[in-house]
Amino acid sequence: MIIEFEKIFYTYACSQKPTIENLSLQLHGGKRYGLIGNNGSGKTTFLRLANGLYRPHHGLIRISGKPLNYDRQSLKEWYQQVGLVFQDPEQQLVATTVEEDLSYGLCNLGIPNIEIEQRVAITLKDFNLTELAHFPVNYLSLGQKKRLAIADVMILKPKILLLDEPTAYLDPKQRKELIKQLEQIFKEGTTILLATHDLDFIYRWADWIFVMDRGKIALEGTPKQVFEQKILLEQLDLDIPLELKLRTSIIDN
Amino acid sequence: MHHQIDSLAYSNKLRSLPPEHKLGFALLLFILGYISSCYIQILISVWLIIWIIVYAGIPFVFYCQLLAIPFGFWLMSLPPLLIGIGAFSSINNFQQDVIFGFPLGNFFLYLSKQGIAQSGIIFTRSWCLTSCMYFILLTVPFGEIITVLQKYKCPTLLTDLLLLMYRFIFILTTTASELITAQKARFGYLNWRRGIYSLSLAIAQLLTKSLENYRQISLGLTSRGFQGELRVWHSRRYYTNWRYINEAIAGYSCLLVVVLAQNY
């Protein structure tokens, strides 16, 4: 097991009701996890808790059995091991050129320049960004920005990669490229947890799916197990993937 | 226009020259332009046109548009500079300054000789000093200016703020343009009154969105392990071009000799 959440509660300062309520789940290594749920169900908050950006008001988060202490040193290690890619890449890109932006996290970790140079070169190649190395971040397309935001996290070699709606606003070509990239990351041994509204994609891609509703895990299981629960999904105002709908319709006819 | 300046700073023909050289050159010219006479200021401005248009390859029309900004301000400041006003009874006191004038009640309105000379000084000085600034903005990408500032021990707080502001400008201008487009699509600028109202709404929205953006960027920085300082690494290699160095040194020396000769 890589990461474990135990009875987590989190309430925003401006809210009376907890956004995350008594949430417990475990993520195991070498798996592709999907996180689905309606807007406001707490997906983004959960990802930010998992990344250590928010501190739960109750409950415990452990990585490889070691609890997160929220002191400076522990958080530094945590951010390196659990990487988060925001929904809007603009919020994560800080430097002026692609190469500088990639090096930012490594510089924060105090890694020597020789190693930074090597890791930047490898990451640029892996993410097909070599030609854009000296390109200004401000002029990248949304697809390129998303790719760079993932590369920014992956250069730190995290154990687990969290992605908040990575396919949102992407055209089919960019979406396809991104999925290919995620597949490559997974093959290289990184566990992935991906929050999305794209049910067709998550149905085909994930090994295990969590369904969130009002800050809790309402349902979890393999894609087949989850999408078989049609009544429960209907109650949660969630649809089923088109592929399943078609299959059911063909069988019914 | 801001985006175009930034884009040209990354794509100009002088990009490969060390930023320290370009910054140093512009800074020395700025000092010389500030202390010298109108003629030297005109010479510096013309010389910088050659550097910017010919050597850096900045489009002439775009550079003229940029120069129109300080000239616009200069034009706006002209009426109070050129037109003098005095009591008609004491006209003898400023008679020598009058080129042309006419009485207006108890006052005398006139075109001032001193005003013309002063506006000429302001024109050449603003042209010269903004040319130096444009040379930096159009040939050195902002990130490289920050790198140079960091290299010469400029306070980290200042360089970090500059970098974040630079990133923010792009996000803000994009947000503002999206807001205004959305308002235009719903006839927000159909007439003057609605236009002003829509603009006020856009400004209020922009403020809210900026604060939210600020909060999100802070989280983004934290999640990438921000340690109180924005440190980055780059592999850029610069090339010293002796032809440009020689021209810069020779030209600057000539200007300096003329300035010294004029003063002593």
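Key figures for this structure:
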read-out: Test: residue in the stretch B:30-51 that is small (Gly, Ala, Ser) and without any contact (Cβ under 8 Å) to a residue 24 or more places away in the chain; value: no
read-out: Elements of type helices (runs of 4 or more DSSP H) contained in the stretch A:164-246, each with 3 or more residues being in contact (Cβ under 8 Å) with a residue 12 or more places away in the chain; value: A:172-187, A:199-205, A:223-228
read-out: Lone unmet requirement of (1) free of Cβ contacts under 8 Å to residues at least 60 places away in the same chain; (2) away from chain A (no Cβ under 14 Å) for B:Val258; value: (1)
read-out: Test: residue in the stretch B:191-212 that is assigned to a loop (DSSP other than H, G, I, E, B) and over 26 Å from B:Ile146 (Cα atoms); value: yes
read-out: Residue list for the stretch B:144-164, filter: without any contact (Cβ under 8 Å) to a residue 24 or more places away in the chain, farther than 18 Å from B:Phe30 by Cβ and within 14 Å of chain A (Cβ to nearest Cβ); value: B:Ile146, B:Gln150, B:Leu161, B:Leu162
read-out: Residue tally, condition assigned to a loop (DSSP other than H, G, I, E, B) and at the interface with another protein chain (Cβ under 7 Å from one of its Cβ atoms), over the stretch A:100-142; value: 2
read-out: Test: residue in the stretch A:168-181 that is under 24 Å from A:Gln81 (Cβ atoms) and either surrounded by fewer than 14 Cβ atoms within 10 Å (Cβ to Cβ) or in contact with a Cys (Cβ under 6 Å, 6 or more places away or on another chain) (or both); value: no
read-out: Filter result (surrounded by fewer than 22 Cβ atoms within 10 Å (Cβ to Cβ) and at the interface with chain B (Cβ under 8 Å from one of its Cβ atoms)) within the stretch A:76-89; value: A:Lys76, A:Gln80, A:Asp88
read-out: Residue check for A:Leu68: facing chain B (nearest Cβ under 9 Å) and either in contact with a Ser or Thr (Cβ under 9 Å, 6 or more places away or on another chain) or touching a residue at least 24 places away in the same chain (Cβ under 8 Å) (or both); value: no
read-out: For A:Asn113: the one exception among (1) surrounded by 16 or more Cβ atoms within 10 Å (Cβ to Cβ); (2) farther than 17 Å from A:Gln80 by Cα; (3) polar (S, T, N, Q); value: (1)
read-out: Residue list for the stretch A:143-157, filter: over 26 Å from B:Ile169 (Cα atoms) and within 11 Å of another protein chain (Cβ to nearest Cβ); value: A:Ile155, A:Leu156
read-out: All positions within the stretch B:165-182 that are crowded, with 16+ Cβ neighbours inside 10 Å and touching a residue at least 60 places away in the same chain (Cβ under 8 Å); value: B:Phe170
read-out: Answer residue from the stretch B:80-129, given it is farther than 30 Å from B:Phe30 by Cα and hydroxyl-bearing (Ser, Thr, Tyr) and is surrounded by the most Cβ atoms within 10 Å (Cβ to Cβ) among those; value: B:Tyr110
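Yes/no per residue for (1) in contact with a Pro (Cβ under 7 Å, 6 or more places away or on another chain); (2) at pLDDT 90 or above; (3) surrounded by 15 or more Cβ atoms within 10 Å (Cβ to Cβ):
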residue: B:Lys184; (1), (2), (3): no, no, no
residue: B:Ser198; (1), (2), (3): no, yes, yes
residue: B:Leu201; (1), (2), (3): no, yes, no
residue: B:Ala204; (1), (2), (3): no, yes, no
residue: B:Lys209; (1), (2), (3): no, no, yes
residue: B:Ser218; (1), (2), (3): no, no, no
residue: B:Arg224; (1), (2), (3): no, no, yes
residue: B:Gly228; (1), (2), (3): no, no, no
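The values are calculated or read from the model by the stated rules, or taken from the named source; none is laboratory data. Just so you know, these numbers come straight off a predicted model, no measurement behind them. We place every Cβ from the backbone using ideal geometry, glycine too, and count neighbours over all the protein chains shown.
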